[in-house]
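Read-outs: derived from the displayed coordinates by stated rules, not from any lab. Because the structure is predicted, anything quoted here is derived from the model rather than measured. Here the Cβ positions follow ideal geometry from the backbone for every residue, glycine too, while neighbour counts run over all protein chains shown.
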Ligand SMILES: Nc1nc2c(c(=O)[nH]1)N[C@H]1C(S)=C(S)[C@@H](COP(=O)(O)O)O[C@H]1N2
Ligand SMILES: [Mo]
């Protein structure tokens, strides 16, 4: 039985997570339901979370070396080259609104790195490519008052943050490709952030806003207890179980 803290960010959204835990406790206490019935009960409670996960259970099942699709919302609307925009706003000299075509036309960087969620699952040697965040920041002209970057998603809910120094690292990408092609919708396409040295929660999916701020504005999971500095191996003390 998955045993997670109710607010475990990497399983499900907090309110749903609580209901799942309560459901499991009730099912366990009753002692009458087999695993299948429990799963059916849970899927009825949860409904669909992400297109690849009609049961809502993917985040609860132990899977080795594969991605899980995470979303604190019930996914996001689909956006493509016709309607995708990435807005760069806040403490910049030249606010920008990039189309997908604009981003594709810029110099692309490729990295091959492990992707690791703070709950322990890890996907080795994933290929990522896209535009260096630092290039986009330079182009927008970061004002001297800015010290941090806030990222928002067109799922309408998720957010993330980096210090300006972290954001300028050359292993932080505004990713257009992942694995073997364009970032798929479920992985946060057409554009997601990829913060190579940090846990997966920093790599916001369905990226639509980059705002330069005077101080760090904690992101979605950071307001719920996760470290603002999400360095792999240093945060939360929870990456000792690679099977997750
Ligand atoms: N918009 C959005 N981005 C997100 C999340 C999310 O729930 N919503 N989850 C984060 C977490 S905790 C992880 S581990 C990765 C998972 O990426 P994947 O769904 O492509 O496997 O996305 C991160 N980015
Ligand atoms: Mo995660």
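Round to a whole angstrom and tell me the spacing of the C-alpha centers of the range 120-137 and the range 80-104.
Comparing the Cα centres of the range 120-137 and the range 80-104, I get a distance of 19 Å.
Using the alpha carbons of the range 85-224, what is the convex hull volume per residue in cubic angstrom, as a whole number?
For the range 85-224, the hull spanned by Cα atoms encloses 96 Å³ per residue.
Between residue 106 and residue 180, what is the FRET efficiency for a Förster distance of 30 Å, r being their Cβ-Cβ separation, to the nearest 0.05?
Step by step, r from the Cβ atoms, then E = 0.90.
I need the peptides 220-231, 107-118, 194-205 ranked by packing, meaning the mean over residues of other C-beta atoms within 10 angstrom, with the highest value on top.
194-205, 220-231, 107-118
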